[in-house]
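Shown next, in structure tokens, is the structure this report addresses.
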Amino acid sequence: MRIRKLYLKDIGPFDEVEFEFKPQASGKAEIHILTGPNGSGKTTILHALVTIFDFVDIGEDTVIRDYFNDTNNFSKRMRSEQKSTVIIDYKKHEGTAQEETATFRFPSLNSIDEDQYIKGEYVALAYSGYRTVKSSNINAIQEIGVHPLKNALIFDKDSSDNFAINQWIANNISKRAIEREKHNTSQASKYASAIVILEKVIAELVGYEVKFGLKTAPLSLTITTGNAELDFDVLPDGLRAAISWIGDVLMRLDRIYWKETRPINEQSIILFLDEIEVHLHPAWQRKVLPAVQKLFPNAQIFLTTHSPFIVNSVDGAWVYELKVKDGKGYLGEVTKSKSSASYRSVLREVFDIEKPFGGETQDELDKFQQQRDQILKGEEVNEKQFLQRARKLAKQSEELLSIISVEIKQINNIKGTNYEL
């Protein structure tokens, strides 16, 4: 399945807006990045897209819908029960010869093919960056008794509930050990595969090897990083957050009976990610999206972000710049991401931030550039003050030294002056 278009009317900050989600190069996850200031409607768009799958309750082979008691409170974003509208066009069998398309309209009751969703043709999952994993009591093997897609579309999932990934990891580690003891290599590998995938993607993100394990007295789950064996509660917040949502994805995929037999991370999925960079250091922000795009090659991913490190970390993703004026949200420019773009250009072109330096430094640089313009125009300037300001700025960093040096050289060439730093 693939979402193609979204139309909103009288929803959240939007009077009326339409998005077309164009496909990207095959062989890697399709990514759509929503940027914009607070109040521009980024999260509203994610929640609107989720309505197509937003089952209030899900059993083994049945679903229950109740649009005005929805899991993410999306109905509260509707301005009017009569006028507010969400229309989502989607292709039902992406990647096949079947070109069947359909339209979902909220809040009316025509819906997606629920059998497709329940019976393992694809899944949709939603996460917020504010979620983190924590230590919890576990048993050596305690099967999870609820459907793997229950609460799958709640962004702020509670990591302490019976969907905690701790128990799932412990289950697989325990089952792997039992099968190894029985010399059943293939079955042991099956239980190990999802854990190995999680260890590899986390290692790719943080830059060092990680291993999950169990310790006794009391029985608890650990993670080994280098030579340190740590409980989840003492891990850095960024690492806990990444393990939490990526682990939850793999846990759910591992527990689904898929229609097609292939590695779980290569199944067809749709991911909705709300500010996953929240707890991540900029160095990790640069890595998380490429890692996820590589991990889930058949995924369609929609995410919101305030981070330029996220936006320019991949090539070819569609970037939707949302704007807000007088409290109204609207869609601005739609561009393709480029990892070759500098963070400064992303800040300027995507986030509308023209000033690259902070506070007092930017004020002084603005004054320097104003005096530079006056000199080039032949206007009278206090040259002693100008050079003092230039020298003070140049001493602050290598970047400012480079900027000021170029400007001084330009003035000398054009005006025939002999200014020196």
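The values are calculated or read from the model by the stated rules, or taken from the named source; none is laboratory data. From a predicted model like this one, the values you see are computed outputs, not experimental measurements. Neighbour counts are summed over all protein chains in view; Cβ atoms, including those assigned to glycine, are modelled from backbone coordinates with ideal geometry. Quick note on the areas: whole protein, heavy atoms, side chains included, nothing else; ligands and nucleic acids left out. Shrake-Rupley method; radii C 1.70, N 1.55, O 1.52, S 1.80 Å.
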(request) At most 11 other Cβ atoms within 10 Å and a DSSP loop assignment: could you name the trypsin sites (Lys or Arg not before Pro) in the stretch 374-421 that fit? (result) LYS377, LYS395
(message) Report, in listed order, any pair from LYS287/LYS338; LYS28/LYS200; LYS150/LYS175; LYS91/LYS200; LYS338/LYS409 with a Cα-Cα distance greater than 22 Å.
(response) LYS150/LYS175; LYS91/LYS200; LYS338/LYS409
(request) For the stretch 170-229, report the accessible area per residue in Å² (1.4 Å probe, heavy atoms, rounded to an integer). (result) 54
(message) If R₀ is 35 angstrom, what is the calculated FRET efficiency for the pair TYR257 and LYS5, using the beta carbon separation as r and rounding to 0.05?
(response) 0.70
(message) Please list, in order along the stretch 180-185, the HN-Hα scalar couplings obtained from phi with the Karplus expression 6.51 cos²θ - 1.76 cosθ + 1.60 (θ = phi - 60°), rounded to whole Hz, x for Gly and Pro.
(response) 5, 4, 8, 6, 9, 4
(request) Give the accessible area for ARG105 in Å² (nearest 10); use a 1.4 Å probe, count only protein heavy atoms, and leave out ligands, DNA and RNA. (result) 110
(request) May I ask you to derive the FRET efficiency for GLN187 and ARG105 from their Cβ-Cβ distance with R0 = 60 Å, giving the value to the nearest 0.05? (result) 0.80
(request) Express in nm, to one decimal, how much length is gained between TYR130 and SER340 on full extension, taking 0.36 nm for each residue of separation and deducting their alpha carbon distance. (result) 72.7 nm
(message) For the pairs LYS22/LYS323; LYS5/LYS76; LYS76/LYS336, flag any whose C-alpha to C-alpha distance is greater than 30 Å.
(response) LYS76/LYS336
